[in-house]
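This report concerns only the one structure given below.
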Amino acid sequence: MVSLLRNQKVRNTLLQVLYVGSIAALVLAGIVIARRNLAEQGITSGFNFLFKSTGWDVNFSLLPATANDPYWWYFLIGIINTLFLGSVGLMLATIVGTIVGLARTSSNDLARLLGRTYVDIFRNIPLILQVFFWYAIITHLPTPRGAHEAWGFLLTSRGLYIPFPNVSNAAFAAATLAVVAAIVLPTWLGRTSRLSQPIGQRRAIQFTAAAAALVCAAISLAVGRLPDLPLLDFPALQGLNLRGGLRIPPEFATLAIAIAIYGGSYIAEIVRGGFKSVGKGQVEAALSLGLSPWRVFTLVRLPLALRAMLPILANQYVWLMKATTMGIAVGFTDFFMIVALTINHSGQTLEAIGILMAGFLAINLSLAAVFNRINKAIALKGNQLRG
Amino acid sequence: MEMVVVAPPAPGRLEDLRRRFFATPLQAVLSLACLTIMVFLAWKLLNWAVFSAVFTTSGGPEACQAAAGACWSVIAARWRIIFFGLYPYEEQWRSALACVVVVVMTVLSCIPVFWTGRRIALVWGAGTALFYVLMKGGVLGLAHVGEEAWGGLALTLFIFVTTCLVGFPLAICLALLRRSELPWISRTTGLIIDGVRSLPLISILFTFAVVLPFALPQWLQGDKLYRVILGSALFFSAYQAEIVRGGMQGVPTGQEEAAMALGMRYWQRIGRILLPQAMRNALPATINQFVISFKETSLVIIVGFFEILASGNAAYGTGEWRFAYVEVYAFIAFIYFVFVFSLSRYGAFLERRMSISER
Amino acid sequence: MISGNSTEPGGPALRIENLDKYYGTFHALRRVNLAVERGERIVVCGPSGSGKSTMIRCINRLEQHNGGRIAVLGTELNDDVGNIDEIRREVGMVFQHFNLFPHMTVLENCMLSPMIVRKQPRAQAEATARRYLEKVRIPEQAMKYPGQLSGGQQQRVAIARALCMQPQIMLFDEPTSALDPEMVSEVLDVMVTLASEGMTMICVTHEMGFARRVADRVIFMDSGEIVEEAPPETFFTTPRNERTRQFLSQVLDH
């Protein structure tokens, strides 16, 4: 027996069996105990509850939702809310981060100082504190009667009201898609090697694609327009309440602002790091070819910096996507809050936690997949720039 | 012809300014815009926070609310609840002392003399024990104060310190298991690490606080505080494990081979050769992770702990100080800022120093 | 030489029989046979990728062999963990890239293993370390860190570090290949001294001058096989195999 334990192969097998076995045993024991405890409270395990109606409301949904809807529909709403808040937050954070990051790499000392102050302040304060802060600010805004107004935008404690086109939901969604296509399509056409025309023609094709997409957007807006109403609906006070326009609830606005500002400070550092990684040699070579500073920036520094940034940016985006779970702090019904409410109301603890894990795994994996695609598409071919 | 070499005249102060900020029209516009923004913000901020602010409690909340600037009286009136939460009033010196212990501990860990496994473990072990005794009492003539009465900054620091104390060794174990040559061990560990990393911290805290009691036998459940600390430590260790593993990958394979050839056993190789070098490689990223997890301790408010943010909410949320939320948040933000900023500056300094010594 | 606690006095130092080693599907060693007597000095040479490093790394289990037998000092090298530890204690190794521990001083490098593996008291370990540093002619560098030394000095420290374990066999894996030319001789001198004191040595090296001066036998390997095995005078003057001749003409002709 002792000599057997001295054998390396026996040892290795034993160790592996012990390790994997004990972890599996722990997990299994946990599940068994949990099922017994839940059964004592009269909760039967299984996924049948997904088809029961919830009996409670969500305060934010892009899809129609009532308390009669089943749990699976609520989970879907939660995921869509998370993705929607996440993408709005990411977009805003990227804009903020790019501006601040560029300021930090600028040759102007004042701009650098300004950028650095921004990053130092907002990076070093926890996100949840910033969420609480902005939520307090927004909920302490005046009531609709005394709303701050500017260019048709209204700031009130009930939320932010913005002008909104008077069109059907479907038409608006179609128009949004078309606008996104107008931005993405030319870039994609420029990247793809399928276009081997000379540069002038390629520009023309890109331009046509963008224009076509925009025309589609205009058409869908025109078709989906509600009759007898002006195209743009401005919010206005009627009685004690505001009518018209689009209301952005305080919860959503809070989270979007907080994510934009906090995420922006991180993205600014990524942007700065990306530009820092561009070799001096490349820039000097471009300048010595007689390119103007602007063209050096757009043709050499930006593309190279972008490639250096992308993998880190991907991680940051995944992090920010997970940060939407702060929604529970202010009562925004994101995916996690829906899961927490489900556990509270139905008691289906294990199933709900399982769904939560699966949901975030799916979100993470798909984000990672998208970024890998982009990364591969723009990666420098070969290794000519290493070293 | 006689050559006279004349050094170009040193640029005057005005000339220097012109070159730095007004070299081109675009630069001039940019400089002016930045200057305007900065002056405007600085003035607004100073005016609010200093010139028009009220600092004393003498006028009471009403006088304070009427002022145009910040009402710092709320801090003067409520600082005890922000720092100590619901800790018994006459025992609050213990809570304060405990916070000082943590600060001292952190400062000591930043001094290279303490960067050996044994010393750092000693500092943290002793520091945490001292903290615990001070807070909990029940010995040495100190009155017993249960965990449910802990709060404010002291609770935040306690959660952070214990998270690191549990999470750090766990991270090293996970990193070692993940780089194991035995495929099933490394695969299972990889699955655990990646699984934890893909989840948001809030969901893990929630699971440990609310769901775990169902899955544990009665005698193992323990206090909610310690379950949450365990969850937070698990999350910390999943991230830190990858940092440690990165550090290990930076140690050349020849190091372990040399140790093997000298007859060292697995734990001798790990403890004497691999870890000291790996931790050195991983130091800047580790400090960064500490900074992040300090900020993330604030999330325990969501599972219902009375840490500094929650006690801040309580400080303005009840009674006559309802209007003073900005001041309270600004104060808490400032506390976080002091901790986080100094730590991250230190990390940046270390990184610079290490990159110089590598050259 | 001071000899450690010998496992089996008398008997050959090393016996390798029908050794096979695969990396995936690549056959790195093909049925290699080799016997080394105590006090014998073997030089192994051959083109890169011929398996010579792999062979000596199998001797102390830095690589695990897939077939055949290895017995070191009478101890069978198999899956028995105790045997592996025992063999590693008695076999010293010097690497191409020195592999000194950069976070320890030269002295600590030399003292660590005697202290934690052989359980020697600190004073004894330090005395031994200083004696061997003297022997490799760098006693004055004891308190420096490896990064502060030249390549040749580092390699000499590595030799001293291996000797501090008082091994019965020394393996050298291309000890001079990573050195600047002017530092090669200082390392070779130390190795020559060591050889003259009767250490059992197996050296993988391209230094043919060293082989000629020191070796009892020269072994030529190619494609994972031992192609030729002869005393240096016959090896260099009348090699039997065509591949050996080709190799020698490449190494010696410039």
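Read-outs throughout are calculated quantities, based only on the coordinates presented, and are distinct from any laboratory measurement. Here the structure is a predicted model, which means the values were calculated and not measured. Don't worry about glycine lacking a Cβ; one is built from the backbone with ideal geometry, like all the others, and counts go over all protein chains shown.
Details
- Of A:Ile79, C:Thr205, B:Phe290, farthest towards positive along the dipole that unit charges on Lys, Arg, Asp, Glu beta carbons give the protein assembly as shown: A:Ile79
- Cα-based equivalent ellipsoid, the protein assembly as shown: semi-axes from gyration tensor eigenvalues, Å: 62, 37, 32
- Pairs of alpha carbons in chain C whose separation is greater than 29 Å (percent): 29
- Theoretical FRET efficiency, 1/(1+(r/R0)^6), r = Cβ-Cβ of B:Arg18 and B:Ala348, R0 30 Å, to 0.05: 0.40
- Between the Cα long axis of helix C:242-252 and the first principal axis of chain C there is an angle of about 50°, rounded to the nearest 10.
- When the alpha carbon gyration tensor of region B:308-359 is reduced to an equivalent ellipsoid, the three semi-axes, largest first, read 39, 8, 4 Å.
- Around the amide H of C:Asp222, modelled in the peptide plane, lie the amide H atoms of C:Val227, all under 5 Å away and 5 or more residues distant in sequence or on another chain.
- Space enclosed by the convex hull of the alpha-carbon atoms of region B:237-359, per residue, Å³: 117
- Estimated from helical segments only, the mean residue ellipticity of the protein assembly as shown at 222 nm is -19500 deg cm²/dmol, where each DSSP H run of four or more residues counts as -39500 (n - 2.57).
- Overall form of region A:1-82 per C-alpha gyration tensor (a/c, 1.5; a/b vs b/c): prolate
- Ranking of C:Val36, B:Val338, C:Val184 by count of other Cβ atoms within 10 Å, fewest first: B:Val338, C:Val184, C:Val36
- Exposure proxy shown here: for B:Asp16, A:Asp69, the number of other Cβ atoms within 10 Å sets the order, fewest to most, as B:Asp16, A:Asp69.
- Each other residue within a Cβ distance under 10 Å of C:Ile226 adds +1 if Lys or Arg and -1 if Asp or Glu, for a net charge of -1.
- Binning the alpha carbon pair distances of region A:28-149 at 10 angstrom intervals from zero yields the distribution 10, 19, 25, 22, 14, 8, 2, expressed in whole percent.
- Cysteines without a disulfide-compatible neighbour (Cβ-Cβ under 4.7 Å), chain B: B:Cys34, B:Cys99, B:Cys110, B:Cys164, B:Cys173
- Magnitude of the charge dipole, region C:104-254, Cβ model with Lys/Arg +1 and Asp/Glu -1, debye to 20: 720
- For region B:23-32, Karplus couplings with θ = phi - 60° (6.51, -1.76, 1.60), whole Hz, Gly/Pro x: 5, 10, x, 4, 4, 4, 4, 4, 4, 4
- Spatial extent of region A:267-349: Rg and Dmax, with the Cα atoms as the point set, Å: 21.8, 70
- Other protein chain Cβ atoms within 10 Å, averaged over every residue that makes up A:346-359: 2
- Debye, to nearest 20: dipole size of region B:178-250, +1 on Lys, Arg Cβ, -1 on Asp, Glu Cβ: 40
- As a ratio to 2.2 N^0.38 Å, the alpha-carbon radius of gyration for region C:38-166 is 1.15.
- Convex hull of region A:43-96 built on C-alpha atoms - directionally averaged projected area, nm²: 4.7
- Each peptide among B:296-308, A:15-27 gets the average number of other Cβ atoms lying within 10 Å of its residues, and from highest to lowest they stand as B:296-308, A:15-27.
- Helix axis angle, C:151-164 relative to chain C longest principal axis, alpha carbon, degrees: 80
- Projecting label points 7 angstrom from Cα along Cα→Cβ for C:Asn78 and B:Thr116 puts them 4.2 nm apart.
- Across region B:218-326, the relative contact order, built from alpha-carbon pairs under 8 Å that are at least six residues apart, equals 24 percent.
- What the Cβ-Cβ distance of B:Tyr89 and B:Val338 gives, at R0 = 22 Å and to the nearest 0.05, is a FRET efficiency of 0.30.
- Per-residue Karplus couplings for region A:336-347, computed as 6.51 cos²θ - 1.76 cosθ + 1.60 with θ equal to phi - 60°, are listed in order as 5, 5, 4, 4, 4, 5, 4, 4, 4, 8, 9, x Hz, Gly and Pro entered as x.
- Across region C:224-241, rounded Karplus estimates of 3J(HN,Hα) from the backbone phi angles (6.51 cos²θ - 1.76 cosθ + 1.60, θ = phi - 60°) give x, 10, 7, 8, 8, 9, 7, x, x, 4, 5, 4, 7, 8, 10, x, 8, 8 Hz, Gly and Pro being marked x.
- Cα long-axis angle, helix C:106-116 against chain C (0 to 90 degrees, to the nearest 10): 90
- Listed by chain and number, the lysines whose alpha-carbon sits under 30 Å from that of A:Lys52, ignoring those within fewer than 8 places in the same chain, are A:Lys322.
- For the pair C:Ala127 and A:Lys376, a Förster radius of 56 Å applied to the C-beta separation gives a FRET efficiency near 0.40, rounded to the nearest 0.05.
- Label-to-label distance for A:Lys9 and A:Leu365 is 3.6 nm, based on points extended 7 Å past Cα in the beta-carbon direction.
- In a reduced charge model with +1 at each Lys and Arg Cβ and -1 at each Asp and Glu Cβ, the protein assembly as shown shows a dipole moment near 1060 debye about its Cα centre.
- Relative contact order for region C:159-254: 21 percent, from Cα pairs under 8 Å spaced at least 6 residues apart, divided by residue count.
- In the protein assembly as shown, a dipole from Cβ-located charges (positive for Lys and Arg, negative for Asp and Glu) runs towards its positive end, and of A:Leu38, C:Cys164, A:Leu365 it is A:Leu365 whose Cα lies farthest in that direction.
- Kirkwood Rh in Å, taken over chain A so that all alpha-carbon pairs contribute: 25.3
- Average projected area [Cα convex hull, region A:2-43], square nanometres: 3.4
- Remark: mean inter-chain Cβ contacts per residue of B:198-211 equal 6, using a 10 Å Cβ-Cβ cutoff to other protein chain atoms.
- Over 30 Å between alpha carbons, listed pairs A:Lys9/C:Lys144; C:Lys21/C:Lys119; C:Lys119/C:Lys144; B:Lys295/C:Lys144; C:Lys21/C:Lys144: A:Lys9/C:Lys144; C:Lys21/C:Lys119; B:Lys295/C:Lys144; C:Lys21/C:Lys144
- Bins of 20 Å, starting at 0 and running to the largest distance - Cα pair percent for chain B: 22, 45, 26, 6, 1, 0
- Counted by Cβ distance under 14 Å from C:Arg57, the other residues give a net charge of -1, where Lys and Arg count +1 and Asp and Glu count -1.
- Listed from fewest to most Cβ neighbours within 10 Å, the set C:Cys45, C:Cys110 follows the order C:Cys45, C:Cys110.
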